[in-house]
Amino acid sequence: MKIGEASGASGISERMIRHYEKIGLMPAAARRDSGYRDYDERDLHTLRFIGRARDLGFSIEEIRKLLALWQDRGRASADVKALALARATELKRKERALHEMRRSLEHLADTCQGNARPDCPILGGLEDGPAALSRRKPA
């Protein structure tokens, strides 16, 4: 199948498929006599694997490791588990950071009158930097 069909079947954009081939995340597709890329079911399986890994937040280098483990039938599941747990730990760290950002924004919004007057604590908080943003009322 051509790249457009592979894109539709895998949910990965044509641009990203080309990128994954360029960086060696997946092997370059075979070429037809016409020069078009020709993808088969194995390629689609790999693209779907990459897509699911990206959806879970794995980096390109982590996906490279996961693909190697996926293709290695002698792999230790402990290696796969370690990658998954490391990703989960990083997601938890990001979750805490997002929570703090949300609280800061809510605090700034609470201090703003939201009327026709020009003074705005939100802009002042952004201007003053992290110290102003971290001054929030207790949860």
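Computed from the coordinates by the stated procedures, all read-outs in this text should not be read as laboratory data. Everything numeric in this text was worked out from a predicted model, so none of it was measured. Cβ: placed from backbone, ideal geometry, glycine included. Neighbour counts: every protein chain shown.
Considering the options Leu85, Cys120, Ser59, tell which one lies farthest towards the positive end of the dipole of the chain, charges being +1 on Lys and Arg and -1 on Asp and Glu at the Cβ, about the Cα centre.
The residue sitting most towards the positive pole is Leu85.
Can you bin every Cα-Cα distance in the chain into 5 Å intervals starting at zero and give me the percent of pairs per bin, rounded to whole numbers?
Over the chain, the share of Cα pairs per 5 Å bin runs 2, 8, 14, 13, 10, 9, 8, 8, 9, 8, 6, 4, 2, 0 percent.
Relative contact order (percent) for the stretch 3-71, with alpha-carbon contacts under 8 angstrom and 6 or more residues of separation?
Relative contact order here is 30 percent.
Once the convex hull of the alpha carbons of the stretch 92-134 is built, what does its volume come to per residue, in cubic angstrom?
60 Å³
Quick one: putting +1 on the C-beta of Lys and Arg, -1 on the C-beta of Asp and Glu, what dipole do you get for the stretch 3-71 around its Cα centre, in Debye to the nearest 20?
Computed about the Cα centre, the dipole is about 180 debye.
Run the simple label-point estimate for Met101 and Leu44 please: 7 Å along Cα→C-beta, distance reported in nm.
3.7 nm
For every helix of n ≥ 4 consecutive DSSP H residues, a contribution of -39,500 (n - 2.57) applies; sum these over the chain, divide by its total residues, and give [θ] at 222 nm rounded to the nearest 500 deg cm²/dmol.
-21000 deg cm²/dmol
What does the net charge come to around Phe58 if you take all other residues with beta carbon closer than 13 Å to its beta carbon, with K and R at +1 and D and E at -1?
Value of the local net charge: +1.
Measure out, as a whole number of angstrom, how far apart the alpha-carbon centroids of the stretch 23-38 and the stretch 54-126 sit.
First find each Cα centre; the distance between them is then 34 Å.
Let me check against my output: what whole-number percent is the relative contact order of the stretch 92-134, with C-alpha pairs under 8 Å and at least 6 apart?
32 percent
For a quick check, take a GNM of the chain with Cα springs below 10 Å and name the residue from Thr46, Thr89, Thr111 with the largest mean-square fluctuation.
Largest GNM mean-square fluctuation: Thr111.
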